[in-house]
Structures are given as C-alpha cells and as structure tokens.
Amino acid sequence: MRWRSKLVFMLIIYFAGFATAIYTLAPVPENQAGRFRENSFKYSAVKSDEFAQSFNTGMHKCLDFSKDFAWRMGKYLKQKFDDRQTQARS
C-alpha cells in the first residue's frame with residue numbers, strides 16, 4: 001500500500017469515527033425520547049448510581065493491585081541487581 005492509499009484509508013476511518021460520535025451524541029427528537037428509555041443500555045447501566053459505584057470499586061481494586069505489583073517487582077529487580085553486583089565482584 002502506498003502512502004497515499006494509507007492516507008485516504010486513515011481519513012475514511014477517522015471521519016467514520018467522527019460521524020459515529022456525532023450520531024451517538026446527537027439529541028433525540030422529543031417524540032422518540034421516552035420510547036426506548038427503559039430498555040436502553042444508557043438507562044440501565046450508564047445512568048445508574050450502582051454501575052458508577054461498582055466501576056469505582058473495580059478501578060480502586062485495579063489501582064491497589066498495580067501499586068502492589070509495582071512494589072513487589074521493584075523489590076525483586078533490586079534483589080536481582082544486587083545479586084549480579086555481588087557475582088561480578090567475586
């Protein structure tokens with residue numbers, strides 16, 4: 001694929017994503033606003049406080065896990081580095 005073909009392909013992908021975002025964020029006409037509200041994903045998951053709370057809890061668990069893992073990995077790497085230094089001295 002030449003660079004021009006790649007550029008055209010990437011522009012098509014970019015504008016398709018942009019059009020999708022505009023379609024998603026566009027307001028719904030008043031006569032259709034309440035029609036599918038109770039069955040929609042936005043109503044059941046995104047707008048609920050329960051979803052927000054569970055997402056927040058999950059993110060905090062992930063953050064705690066990553067901090068713990070980083071601490072353990074730092075300790076492990078420091079130990080390996082010290083071992084190699086002692087082997088190099090001998």
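Things worth noting here:
- Rounded to whole Hz, the Karplus (6.51, -1.76, 1.60) HN-Hα couplings of the stretch 65-77, x for glycine and proline: 4, 5, 5, 5, 5, 5, 5, 5, 5, x, 5, 5, 5
- Full-stretch length increase - Y14, L77 - with 0.36 nm per residue and alpha-carbon distance subtracted: 18.5 nm
- A full extension of the chain between R4 and Y23 corresponds to an added length of 4.0 nm, given 0.36 nm per residue minus the alpha carbon distance.
None of the figures in this text is laboratory data; all of them are computed from the coordinates on show. Not measured: the values here are computed from a predicted model.
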